[in-house]
Amino acid sequence: MSMGRRHVSEWMGIENGMLVVRPGKVDIGQRISTALAEIAREELTVLRDRIRVAKVKTGSSPDEGTTSGSNSLEQGGLAIRRAAATLRRHAIGLAAEQTGSRPNDWTLTGGILHGPGRNRPVDFLEFAEDMDLRIPLDQDIPPPPARARPASPPMLGIESMAAGSYRFLQDFELPGMLHARAVRPPHARARLLDIRQAVIDELADGGIITVRDGSFIAVAGPREWPVVKAARRVLTSCTWDLEKGLPEIDVDELLAQSKAERMPVLDGRPIPDAPIAPMQPRADCAARYLRPFTMHASLGPSAGLAIRDGKRISIISHSQGIYALRASIAECLGLELENVEITFAPGSGCYGHNGADDAAFDATLVANAIPGKPILLKWTRENEHCWEPFGPPQAVELAARLGEDGRIEGLSAEAIGGTYRGRPSPGPGGAGPARLLANRFRGSPIPAPPAVPNLNKQGGIHRNLDPCYEISETRLVNNLVPDLPHRTSALRCLGAAANIFAIESFMDELAFKLGKDPLSFRRSYLEDPRALAVLDRLGEAMEKAARKLNSDGRGIAYAQYKNEMARVAVGVFVSVADDAAVTLDRAIIVVDAGRIVDLPGLEAQMEGGFLQGASWALHEEVVWNREGIVSSDWDSYPVLRFDNVPEIETIAIDRPDRSSNGAGEASGGPAIAAIVNAVFDATGLRIRRLPLTAEAIRNSALDQEAADG
Amino acid sequence: MELTLRINGRDRSVRSEEDTPLLYVLRDELKLKGAKFGCGLEQCGACAVLADGEATFTCVSPAAAFAGSEIVTPEGLAETECGARVQAAFAEASAAQCGYCTPGLAIAATALLMRNPSPSREEAKAEMQMHLCRCGSHPRVLRAVELAASRNRK
Ligand code: FES
Ligand code: FES
C-alpha cells in the first residue's frame, strides 16, 4: 500500500471534541485498538477519554488489506502515527500563522496548545475540529516523543467484556431478524441426492424456511432454538452420495518432496523455476520433523449477518479482510461493488482465517433467497471444527554438515507443506469465489482452486525457514504439496510454527551431540547484540527460577519472527508423569519488540502466543477417517486447559529509539520447541512429530527400548 | 410452556418450547446476551451462569430444570458484592483477549470466591478447568481471581 497521496482524514477525524481514530486493521482480540489509540495519544497528547476508535467498514475505513502476520502494529500503527504527526504539525503551523508567531514557539502537552499571542490555553481538539483534515500525510515525521517507560493503557472494552455487555456479532439483534443455520454434508466430497419434501413442508408450516441451492442447505426462522432443531431434522432427512469418502492416509505420507512443487528460497523468497542446489553428499546430523493439520477452533463458532434490500446487500462480518470478502461476494452474486457493503463486528479470537468469511457468505446466500429480512446465520461447534479451513500440515527436513572444529558449516532445510493461502481474495480465474466454502456445494459448484505458492518474502511455508543464526552455507527449499485432502488456509504464525519447532529442536540435538550447553551453543552462532541480550536475559531468569523448582527437565528456544520482527527467547520447565503426561511447571519469555507502545498488550500477546504454542505442542491434531472429520468437538480435539497453565514470566526489553515490531505471532514457534526440548531433557526421548501427547511419548519410549534391544 | 424463572433477582415468565435449553431462553427470549454459545455440549463454559451460587452450564439443560433456582447471568453479576469485585478485578488485570470466554470465567470466579474466599492458585485452576479460553488469557484470569480475593474485606 502506498501512503504517498493519502490524507490525514482517512485515519482520523474530530467530532464533537473527540478524536476518532479510523483503523484499517480490525481488532481480533489482539488489542490493536488499544495500541492504535495509544499511538495517536502519544503524538497528540490528548487525554485517553477523548479518543474513540471507529468501526471498520468498507467505504469509510482505509483499505489496509488483511489483519494478519503481526503486521497491524507495524503497518497500521505507522499510518496512524504519520497521520497524527501530520495533524500536529499543521495545527501548530496554523496556530502560529494566526498569531503571527513561529511554530517553534508552540508546544502541545496534555492536549493543550500553548504559545505566544494567546492569553488562554487552546484545546487542541477544539482548535483542530475546524480544520480541513484532507491534509496529505507527511513522509518524514519526527521520531516518536521521548518517554521514561512504556505506557500501560487500559484495555479498550475490558469492562464491558467482564460485564457480559460487550457485543459480539453473535449477539446482534435486529428488528425482523431471522436466525439461520446451515446444514452440512457428512464430509467435503459428499453431494446431496435428496431431501424428504414432507419434512420441509412441515417445517414451513411452523414458520421455518428451508433454502436450497444444490448441496448447500440452510434453514431460517424467527426463534433460535426451533431453527437449531430444524437444522438437525433436515440433516436426518437428507440422502447423500458419499462417493469414496475422505482418503485415509497418514499425514506423514502426504508430505513428500516427490509430491511437491519445489522452489529454492533465497533472501527469504521462493524463486520459481530456479535450479535447486544438490544436497551435500555428507550430513553429520539429519532429522525430519512433522506438524499435523491443526485448527483455529475459535471459541465462538463463526457467524454472519446479511440483509438484501433490492440490489444491495449489507453484511456484518468478523472477517479479517472485509475488502477482499466484499469483492468476492460481489463477484459470486454478479453485483456491483458499490452494492455490497461489509461492516466489521467482533467475533471471538480467530488466530487466522477461520470460518468468518464462509459464514458471512452462507448468511448472504440465505439473505439473497429471503429478501428484506436480516439473517443472522451461526455455525455450530461441529461446523466450526469440521468446516473451517485448517492450518496445513508441514514437515521440515534438516541436515547439517559440521566442520573439523565442530561448527555447523552447512545447513539444508526443506519445508514441505500445504498452502496457507485460502483467503477469499479476488484473483484470476475466480479465485475469490472458489475459496468460499458454500460455492463448492451450490447448484453450479466451483471446485477447490489449485494451491498457489506464496512467493512473498517470509510468506507462507518458508516463513522462518532461514535460521536466524550465522551459518556460512544454507540451502533452503520450499515444497508446496498441492493436493491435500482438506481445505487449508492461514493460521497464526503460518510456516514459522513448524520451521521454528524444527530448527530449534535441531539446534538442541546438535548441542547435545556435541556436548554443548544449549544456550551457549546458540549464542556462538549469533552476532546481533539484541538477540544476544534476549538470550542472556533468558539464561539469568532460568537460573533464578531453577533454584526454586524441582522439575524433570528444561528447554529453551530462540527465534526472530520473520527474521526481522520481534526477537523472542522462551524457556520452559516441565515434569513428566509415570503415564507420560507432560506438566508445564514454569515458562519464561524474553521479548525485544523495539519501542513498546502498550506494555500489557505486548505481554498478553506473548503469553497468549505461548499458550497456543503449548496447546499445539501437547494436544492439537486434526483426525479424520473415510466418513469425515473425527475432530468435531472439544473432546475429540483436545486443547490446553487451565490445569496445564504454568506461571509465565514475561520480560519485555524496551527499545524506545527503535521502531515498534508486531509481536502477536512471535512466541508460538519458540514455545513449541522449548517444550519439545524440555521433554527431551526430562526423558531422553527426542520426539519429532507433534503433538506430544502422553500416548505419543509412551510410544516413543517403546520404540527406543526396542531400538536399544 | 409457561414457566417462571428467577433471574438476576426478578421473576421472569417465559414461554419458549419445553425442551429449550436455558441458554436460548436467556439469549433469544429474554435478550440477555451475556452468557455465550460456545459448543452446546457442556464442554467449554462460555454459557455459564450462577444457579444457586454454583457455576452451571446452560447450553444443554432445559430451562424448566432451573425453575426454583436463583439464577444470576453475567449481566446480574454486578448486583452481587462478590460479582462486582470479580468484574472490577478482571478489568484491572486486563483478564481477556477477545473476551468471548470472559463472562463465563467471571461467573466461575464468582462461584469460587463465594464458596472459598481465598482460594489457592491450584483451586482456582480446578474451578476453571471446564472453561476454555483459546486466546490464552488464563494467566491474567488467575491473577484477577487473586486480586478479587485480596479485596475481600469480610
Ligand atoms: S456452550 Fe455451554 S459449555 Fe460450551
Ligand atoms: S479471551 Fe478469547 S477465548 Fe478467551
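Whenever a residue of the range A:211-222 is farther than 10 Å from A:PHE441 by Cα, its partners that are hydroxyl-bearing (Ser, Thr, Tyr), lying with C-beta atoms within less than 6 angstrom and at least six residues away or across chains, give the pairs A:VAL219/A:THR210. In this structure, A:PRO301 does not satisfy being free of Cβ contacts under 8 Å to residues at least 24 places away in the same chain and either away from ligand 2 (no atom under 16 Å from the Cβ) or within 14 Å of chain B (Cβ to nearest Cβ) (or both). When B:GLN43 is tested against (1) within 30 Å of A:TYR351 (Cβ to Cβ); (2) more than 16 Å from ligand 2 (Cβ to nearest atom); (3) not hydrophobic (A, V, I, L, M, F, W, C), just one condition goes unmet, and that condition is (2).
Assessment of the range B:12-21 against the conditions (within 17 Å of the chain's Cα centre (by Cα) and either within 10 Å of chain A (Cβ to nearest Cβ) or more than 16 Å from ligand 1 (Cβ to nearest atom) (or both)) yields at least one matching residue. Looking for something under 27 Å from the mean Cα position of the chain (by Cα), surrounded by 15 or more Cβ atoms within 10 Å (Cβ to Cβ) and not basic (Lys, Arg) - is there at least one such residue anywhere in the range A:223-240? Taking every residue of the range A:223-240 in turn, none turns out to be under 27 Å from the mean Cα position of the chain (by Cα), surrounded by 15 or more Cβ atoms within 10 Å (Cβ to Cβ) and not basic (Lys, Arg). The test for being under 21 Å from A:SER615 (Cα atoms), more than 7 Å from ligand 2 (Cβ to nearest atom) and not aliphatic (A, V, I, L, M) holds for B:GLN129. Within the range A:256-274, the set of residues being surrounded by 14 or more Cβ atoms within 10 Å (Cβ to Cβ) and assigned to a strand (DSSP E or B) comprises A:GLU261, A:ARG262, A:MET263, A:PRO264, A:VAL265, A:ARG269, A:PRO270. Considered as a group, the residues in the range B:116-129 that are outside any helix (DSSP H, G or I) and surrounded by fewer than 18 Cβ atoms within 10 Å (Cβ to Cβ) include one that is nearest to the other protein chains (Cβ to nearest Cβ), and that residue is B:GLN129. The set of residues in the range B:65-105 being more than 13 Å from every other protein chain (Cβ to nearest Cβ) and either more than 16 Å from ligand 1 (Cβ to nearest atom) or not in a helix (DSSP H, G or I) (or both) consists of B:ALA67, B:GLY68, B:SER69, B:GLU70, B:ILE71, B:GLU81, B:CYS82. Of note, A:LEU246 does not satisfy the criterion of being out of contact with any helix residue (DSSP H, G or I) (no Cβ under 6 Å at 6 or more places or on another chain), within 16 Å of ligand 1 (Cβ to nearest atom), hydrophobic (A, V, I, L, M, F, W, C) and modelled with pLDDT of 95 or more.
For (1) under 16 Å from A:MET606 (Cα atoms); (2) in a helix (DSSP H, G or I), each residue gets a yes or a no:
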residue: A:ALA546; (1), (2): no, yes
residue: A:ASN550; (1), (2): no, no
residue: A:ALA557; (1), (2): yes, no
residue: A:MET565; (1), (2): yes, no
residue: A:VAL568; (1), (2): yes, no
residue: A:VAL572; (1), (2): yes, no
residue: A:ALA580; (1), (2): no, no
residue: A:ARG586; (1), (2): yes, no
residue: A:ILE589; (1), (2): yes, no
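Of (1) out of contact with any Asp or Glu (no Cβ under 7 Å at 6 or more places or on another chain); (2) away from ligand 2 (no atom under 15 Å from the Cβ); (3) hydrophobic (A, V, I, L, M, F, W, C), B:LEU147 satisfies all except one. Which? With respect to (1) out of contact with any Asp or Glu (no Cβ under 7 Å at 6 or more places or on another chain); (2) away from ligand 2 (no atom under 15 Å from the Cβ); (3) hydrophobic (A, V, I, L, M, F, W, C), B:LEU147 is out only on (1).
Being more than 14 Å from chain B (Cβ to nearest Cβ), farther than 17 Å from A:PRO445 by Cβ and free of Cβ contacts under 8 Å to residues at least 24 places away in the same chain: is that true of A:GLU248 here? Criteria not met by A:GLU248.
Looking only at the range A:112-157, which residues are hydrophobic (A, V, I, L, M, F, W, C), away from chain B (no Cβ under 14 Å) and surrounded by 14 or more Cβ atoms within 10 Å (Cβ to Cβ)? Across the range A:112-157, the qualifying residues are A:ILE112, A:LEU113, A:VAL122, A:PHE124, A:LEU125, A:PHE127, A:ALA128, A:MET131, A:LEU133, A:ILE135, A:LEU137, A:ILE141.
Tell me yes or no: at least one residue of the range A:620-629 is under 19 Å from the mean Cα position of the chain (by Cα) and of a type outside the set (D, E, K, R). Yes - at least one qualifying residue is present in the range A:620-629.
Here B:ALA144 meets the list (1) within 11 Å of chain A (Cβ to nearest Cβ); (2) more than 22 Å from A:ARG586 (Cβ to Cβ); (3) of a type in the set (A, V, I, L, M, F, W, C) almost entirely, failing just condition (2).
Condition check ((1) within 18 Å of B:PHE57 (Cα to Cα); (2) out of contact with any helix residue (DSSP H, G or I) (no Cβ under 8 Å at 6 or more places or on another chain)) across all residues:
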position	(1), (2)
B:PRO117	no, no
B:GLU122	no, yes
B:GLU127	yes, no
B:CYS133	yes, no
B:GLY136	no, no
B:PRO139	no, no
B:LEU142	no, no
B:VAL145	no, no
B:ALA148	no, no
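Looking across the range A:371-413 at every residue that is buried (at least 24 other Cβ atoms within 10 Å of the Cβ) and of a type in the set (D, E, K, R), the one that is nearest to A:SER524 (Cα to Cα) is identified as A:GLU388.
Restricting to the range A:651-673, name every residue that is surrounded by 20 or more Cβ atoms within 10 Å (Cβ to Cβ) and among the hydroxyl-bearing types (Ser, Thr, Tyr). Correct list: A:SER660, A:SER667. Selection over the range A:163-203 of residues that are touching a strand residue (DSSP E or B) at 6+ places or on another chain (Cβ under 7 Å), of a type in the set (A, V, I, L, M) and surrounded by 15 or more Cβ atoms within 10 Å (Cβ to Cβ) gives a count of 11. Residues of the range B:93-116 that are in contact (Cβ under 8 Å) with a residue 12 or more places away in the chain and either among the polar types (S, T, N, Q) or more than 16 Å from ligand 2 (Cβ to nearest atom) (or both): B:SER94, B:GLN97, B:THR102, B:THR110, B:ALA111, B:LEU112, B:LEU113, B:MET114, B:ARG115. The helices (runs of 4 or more DSSP H) found wholly in the range A:332-447 and carrying at least 1 residues that are of a type in the set (Gly, Ala, Ser) and within 25 Å of A:PRO226 (Cα to Cα) occupy A:356-369.
Picking from residues in the range A:201-243 that are assigned to a loop (DSSP other than H, G, I, E, B) and away from chain B (no Cβ under 14 Å), the one that is modelled with the lowest pLDDT is A:GLU243.
Taking A:ALA230, is it touching a residue at least 24 places away in the same chain (Cβ under 8 Å) and in contact with a Phe, Trp or Tyr (Cβ under 8 Å, 6 or more places away or on another chain)? So A:ALA230 does not fit the description; no. I'd like to check something: does the range A:235-249 contain any residue that is aliphatic (A, V, I, L, M) and under 22 Å from B:PRO62 (Cβ atoms)? Within the range A:235-249, one or more residues are aliphatic (A, V, I, L, M) and under 22 Å from B:PRO62 (Cβ atoms).
When B:LEU50, B:LEU5, B:LEU22 are screened for being in contact (Cβ under 8 Å) with a residue 24 or more places away in the chain, more than 16 Å from ligand 2 (Cβ to nearest atom) and surrounded by fewer than 24 Cβ atoms within 10 Å (Cβ to Cβ), only B:LEU5 passes.
The values are calculated or read from the model by the stated rules, or taken from the named source; none is laboratory data. These figures come from a predicted structure and were not determined experimentally. Please note: Cβ atoms are built from the backbone with ideal geometry, for glycine as well, and neighbour counts cover all protein chains shown.
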